[in-house]
Amino acid sequence: MRDGEGERRPSRAGQRLLVLLALHRGPVRRTVAAQRLWPHLDERGATGSLRSTLSRLRAGAPGLVEVSAGALRLGHEVAVDATELEEAAQAILSGGASDWTAGQLAAELLPEWDDDWVILERERLRELSLHAIET
């Protein structure tokens, strides 16, 4: 999702979908994604919003999201900082080494986002990182 020269950044809805998929670390059922991203809409409206968002994302960045009949996931080539942070913290806690600094481990996940599912993951990663820093 980096915004390089000549690259268009996804819409806010597209960003939220990508973050949901990145933080889930596996397939997400379409109905679950629609409900999480558009909780204020009824099922039909939420699934319609999901279809529209997916269409725009896939047109702008083919391969970024893999789509099956009932589920979505990030493309296999997509690197996710939160996953890398978790792997680094787990390595440290297991007595291994990591190239991550304490400052990198302490970085807050999406600090300006207030979605419940982001807040829960932010707190989980923060606790994991603090344990790794204390080790």
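The values are calculated or read from the model by the stated rules, or taken from the named source; none is laboratory data. Not measured: the values here are computed from a predicted model. So basically every Cβ, Gly included, is an ideal-geometry build from the backbone, and we count neighbours across all protein chains shown.
Condition test on A97, is it surrounded by 14 or more Cβ atoms within 10 Å (Cβ to Cβ) and touching a helix residue (DSSP H, G or I) at 6+ places or on another chain (Cβ under 9 Å)? No: the conditions fail for A97.
The residues on offer are G26, G60, and the sole one that is outside the structural domain of V118 (by TED's automatic domain parsing) and surrounded by 11 or more Cβ atoms within 10 Å (Cβ to Cβ) is G60. For segment 67-108, filtering for residues that are farther than 30 Å from E134 by Cβ and among the hydrophobic types (A, V, I, L, M, F, W, C) leaves 6. Of all residues in segment 72-97, those satisfying the criterion of being over 17 Å from R124 (Cβ atoms) and touching a residue at least 12 places away in the same chain (Cβ under 8 Å) are L72, R73, L74, G75, E77, V78. For S98, the requirement of being hydroxyl-bearing (S, T, Y), over 16 Å from the mean Cα position of the chain (by Cα) and either farther than 20 Å from L37 by Cβ or outside the structural domain of L17 (by TED's automatic domain parsing) (or both) is met. The condition (being farther than 27 Å from P111 by Cβ and buried (at least 16 other Cβ atoms within 10 Å of the Cβ)) is satisfied by just one residue among T47, T31: T47.
Per-residue answers, yes or no, for (1) within 25 Å of R16 (Cα to Cα); (2) touching a Gly at 6+ places or on another chain (Cβ under 7 Å); (3) surrounded by 14 or more Cβ atoms within 10 Å (Cβ to Cβ):
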site	(1), (2), (3)
L85	yes, no, yes
A102	no, no, no
L105	yes, no, yes
E108	yes, no, no
D115	yes, no, yes
E121	yes, no, yes
E127	yes, no, no
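Of all the residues in segment 101-135, those that are touching a residue at least 12 places away in the same chain (Cβ under 8 Å) and out of contact with any Asp or Glu (no Cβ under 8 Å at 6 or more places or on another chain) number 18.
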